[in-house]
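Shown next, in structure tokens, is the structure this report addresses.
The values are calculated or read from the model by the stated rules, or taken from the named source; none is laboratory data. Note that the structure is a prediction, hence the values are computed from the model and not measured. Heads up, the Cβs are rebuilt from the backbone with ideal geometry, glycines too, and the neighbour counts pull from every protein chain shown. Heavy atoms of the whole protein, side chains included, go into the accessibility calculation; ligands, DNA and RNA do not. Shrake-Rupley method; radii C 1.70, N 1.55, O 1.52, S 1.80 Å.
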Amino acid sequence: MSTQLSTPINRSSAEALSRSKQEPQWLASLRAEAAELAETLAWPKPEKTRIERWSLGALGEYKAAEQLTRVEDLPADVQPYVPQDAGADFIVQRNSGIVFRQLSEQLKAQGVIFTDLETAAAEHPELVQPYLFSAVKKDEDKLNALHAALWNGGIFLYVPKNVDVELPVQALFLTDDPEATFAPHILIVAESNSRVTYVDRVISSRTGDAAPSIHHGAVEVIVKAGAQVRFASIHHMHPQVIDLSVRRSNVERDGRIEWIIGDLNDGNVLSDTTSSLDGAGSTSDVKVISIGASDQKMSLTTRAVHFGKNTDSLMVTRAVMKEQATAIINGITKIEKGATKANGVQTEKVLMLSPKARGDANPILLIDEDDVTAGHAASVGQVSPEQIHYLMSRGISKAQAERLIIYGFLAPVVSEIPIEAVRTQLRELLERKLLS
């Protein structure tokens with residue numbers, strides 16, 4: 001497939017986009033610089049995955065979003081993903097822009113800012129400008145540069161010092177127009193000793209014969225000293241939607257980032273989640289599940305980079321592969337020189353349901369310091385006949401036994417989703433994917 005871009009991306013087009021949105025000059029300059037970089041940088045080259053063969057040019061064009069006064073006006077098949085609690089802190093992006101916002105008075109009183117990133121860039125530049133593209137580097141590769149030039153909508157979540165946000169804040173990202181750019185950018189800043197949980201879902205609503213399109217998303221989480229951020233995200237879009245998701249977190253002294261990721265898209269997937277443990281005593285906990293089916297191509301990377309002393313990282317990835325799907329799963333623990341007493345543990349497990357499916361689990365340890373602890377485990381296998389036989393001996397059918405084993409295999413991640421309604425939706429989604 002061609003990777004030619006659907007619309008020209010250069011300095012003038014990026015500046016024109018910024019002018020159409022009446023963005024501040026600093027943001028217009030950032031977009032223009034990124035567009036110039038995109039013209040010269042190469043696409044990323046993930047292990048054993050030729051993403052240049054994907055329809056990477058199907059980025060679409062920016063289309064202004066029509067605001068909604070109530071979420072009931074969203075498509076019917078989207079309604080189950082809307083929080084049932086009328087007072088929930090909730091934002092909806094549809095294609096190129098935010099269409100609905102709801103922030104409780106309690107959070108406002110605490111000084112929490114939860115709004116779209118475009119509004120935050122204009123109204124709170126002192127909070128946005130220092131951090132925007134500080135973790136996701138726009139000069140890293142063509143993918144990041146294009147995102148920096150074209151991102152739209154997005155989320156800005158700011159939690160002041162010592163504030164504990166008790167209930168999760170939520171967002172919904174919906175694509176139902178393949179001609180519209182769908183490139184949300186999420187920026188979370190948690191000041192020292194604060195705590196917050198953020199949950200989102202990335203979904204599509206369209207017919208099965210829609211044209212190819214791309215979800216081109218990026219996440220930056222800035223965790224200040226002693227802060228704790230829990231980030232949960234479930235992605236499920238139609239087979240024609242390519243999911244390109246880059247997530248980065250910078251964690252300061254005694255801070256903690258927890259990622260819970262459901263990479264359940266029906267189309268091709270490039271998912272890269274990285275925690276940079278910059279401060280002493282900082283920690284990262286990453287849990288990822290994925291199900292591949294049909295002829296999907298998936299590249300799933302989790303990474304922890306240890307800079308601070310006494311830092312801890314845990315990475316768990318579990319994937320189920322069906323039919324002719326292919327998944328390349330990379331777990332990378334990097335311990336830099338000087339990161340004494342660091343501890344990094346990772347586990348990648350792949351369950352194969354078809355002889356034609358492929359799953360590669362690649363644990364990688366890069367250690368530049370002696371006084372550390374690091375370990376890994378990786379396995380690729382089929383459903384155990386012994387387990388099937390045991391369950392069948394208890395009166396359970398073979399099909400039911402296989403499902404129970406698969407659900408047990410994925411349970412350590414599913415159980416971590418911090419909202420019961422979202423856990424239920426995830427279980428239903430897993431059921432559909434496994435039985436389809």
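Figures for the structure shown
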item	result
Under the span-like rule (Cα at least 15 Å along the axis, Kyte-Doolittle mean at least 0.0), DSSP H helices of the chain	25-38, 398-414
Proximal lysines relative to residue 433, as straight alpha-carbon distance under 23 Å, when same-chain residues fewer than 8 apart are discounted	287, 297, 322, 349, 356, 398
Computed [θ] at 222 nm, helices only, for the chain once each DSSP H run of length n ≥ 4 contributes -39500 (n - 2.57)	-6000 deg cm²/dmol
Largest to smallest accessible area among 420, 220, 123, 336 [probe 1.4 Å]	123, 420, 336, 220
Kirkwood Rh, Cα atoms: Rg over Rh of the chain	0.95
Additional length obtainable on full extension of the chain from residue 39 to residue 109, 0.36 nm per residue less Cα span	20.7 nm
Heavy-atom accessible surface of the chain: percent carbon and sulfur, 1.4 Å	50
Label-point separation, residue 392 to residue 404 (7 Å along Cα→Cβ), nm	1.4
Along principal axes, Cα extents of segment 317-436, largest first, whole Å	55, 35, 28
Equivalent ellipsoid semi-axes - Cα gyration tensor, segment 383-436, angstrom	24, 12, 9
Model label zone, residue 162; criterion: amide N under 18 Å from point 7 Å along Cα-to-beta-carbon; scope segment 219-236	224-228
Inter-part distance where segment 233-282 and segment 95-167 are each reduced to a Cα centre, Å	16
Sequence-distant lysines (8 or more away, or on other chains) whose Cα lies within less than 22 Å of residue 309	224, 334, 337, 341
Probe 1.4 Å, protein heavy atoms only - accessible area per residue of the chain in square angstrom	40
Along the chain, longest interval not containing exposed trypsin sites (Lys or Arg not before Pro), exposed being DSSP loop plus at most 11 other Cβ atoms within 10 Å	71-336
Label-to-label distance, nm, for residues given as residue 76 and residue 119 (7 Å Cα→Cβ offset)	3.0
Within a Gaussian network of the chain (alpha carbon springs, distance under 10 Å), most fluctuating of 215, 147, 124	124
In sequence order, calculated HN-Hα J values of segment 89-104 (Karplus, 6.51, -1.76, 1.60; Hz; x Gly/Pro)	7, 8, 10, 10, 10, 10, 6, 8, x, 6, 10, 7, 9, 8, 10, 6
At R0 = 25 Å, FRET efficiency that the Cβ-Cβ distance of residue 85 and residue 427 yields, to 0.05	0.80
Surface/4 of the Cα convex hull for segment 114-224, nm²	7.7
For a label point 7 Å along the Cα-to-beta-carbon line of residue 360, residues of segment 244-288 with backbone N under 18 Å	268-273
Loop GluC sites (Glu not before Pro), segment 1-100, which have at most 16 other Cβ atoms in a 10 Å radius of their Cβ (DSSP)	39, 47, 66
Reach of residue 63 by Cα under 14 Å, taken over aspartates and glutamates that are not fewer than 8 positions away in the same chain	176, 177, 179
Net length gained if the chain between residue 420 and residue 67 were fully extended (0.36 nm per residue, minus Cα distance)	124.2 nm
